[in-house]
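So the structure is just underneath, and the comments pick up after that.
The values are calculated or read from the model by the stated rules, or taken from the named source; none is laboratory data. Please read these numbers as outputs of a predicted model, since none were measured by experiment. Positions of Cβ are backbone-derived with ideal geometry, glycine not excepted, and every protein chain shown enters the neighbour counts. Ligands, DNA and RNA are excluded from the accessible area calculation, which covers all protein heavy atoms including side chains. Shrake-Rupley method; radii C 1.70, N 1.55, O 1.52, S 1.80 Å.
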Amino acid sequence: MNETLTRALSGFLYVSLLIASLLNQHAFIVLFFVFGFICLMEFCKLIQLKSIVPYIIFIVLYFIFGYWQLVLKSDKGLDEATQILQVITLFVQLLLIKDLFSEKTIPLFSSKRYIITTFYLSSGFVFLVLIANHNETFTPVYVLGSFILVWVNDTFAYLVGKNFGKQKLFPSISPKKTVEGFLGGLFFACIASYFIYIFTDQTLTFTHWLILSVIISVFGTLGDLIESKFKRQAKVKDSGVIMPGHGGLMDRFDSMIFAAPFIYLFLRMLNYVS
């Protein structure tokens with residue numbers, strides 16, 4: 001089969017499943033659990049972590065912070081725990097950003113592998129689910145809008161970078177990424193935020209979506225670069241082979257799982273302000 005057609009079909013299947021799951025909270029919880037589990041498998045292979053502990057931690061975190069609050073509608077005692085999880089997650093992510101700016105490889109001693117799988121990947125999926133539970137009601141438009149912003153940013157970062165890119169963004173990690181591409185992706189994501197505002201229920205204002213477009217473009221790009229550094233250390237091109245023409249599922253989620261805690265933080269801040 002033609003490589004372009006294969007890539008298009010696998011991409012269409014992925015997007016279709018994702019959008020279809022947003023129609024029902026149970027389907028959403030199940031599908032993103034499967035997505036998260038597959039991503040965890042791919043990531044553990046990347047960092048050479050052969051243990052069932054990260055999978056147990058993922059199941060526990062996903063059930064307690066995701067399923068318990070979204071489906072069972074219970075947050076008794078969990079709000080404080082969620083805030084603690086968020087603080088630790090953001091701290092670990094800031095350390096990963098620091099490692100990104102270092103020319104050295106990311107140190108992967110045993111304890112750090114468990115910390116990264118827990119507070120980078122597993123908690124990333126937890127906050128992705130919690131975004132859909134903003135204001136304690138199933139609101140899939142926040143997740144869909146966030147994914148659209150990721151896709152717009154990635155697409156136009158590639159197109160602008162390919163046609164106009166000259167200055168490399170992180171040549172040692174991702175030689176094809178350029179400053180012009182990053183700015184192009186950010187620009188078109190900001191434009192897309194207006195249309196998301198127009199075609200949604202407008203529970204968020206245009207300014208809110210505009211800020212989210214900046215958050216997603218910046219931290220999504222950082223998430224992409226961080227996964228690229230892990231892949232470079234592992235000497236592989238893709239995180240897996242589950243999506244023909246695209247690579248692994250982690251390659252599709254790297255931006256979103258890194259940006260998710262920051263998106264959730266922004267939505268929580270809106271609650272405090274309003």
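Geometric descriptor of region 110-192, per residue, is 102 Å³ (volume of the convex hull of the Cα atoms). Summary of the geometry: region 249-273 and region 191-237, compared by the centres of their Cα atoms, lie 8 Å apart. Each peptide in 164-171, 123-130, 212-219 gets a packing score, the mean of other Cβ atoms within 10 Å over its residues, and the list from highest to lowest is 123-130, 212-219, 164-171. Bridgeable lysines around K231 (alpha carbons under 18 Å apart, same-chain partners fewer than 8 residues away excluded): K45, K50, K98, K104, K112, K176, K177.
Can you list which of the DSSP-assigned H helices in the chain have a Cα extent of 24 Å or more along the long axis and an average Kyte-Doolittle score of at least -0.5? Span-like helices in the chain: 3-21, 25-46, 78-100, 140-164, 179-198, 206-234, 249-273. Using a probe of 1.4 angstrom and keeping all protein chains present, the accessible surface of the chain works out to 49 square angstrom per residue. With the highest mean first, a sort of the peptides 222-231, 27-36 on other beta-carbon atoms found within 10 angstrom per residue produces 222-231, 27-36. Charge dipole of the chain (Cα centre as origin; +1 on each Lys and Arg Cβ, -1 on each Asp and Glu Cβ, all else neutral): 880 debye, rounded to the nearest 20.
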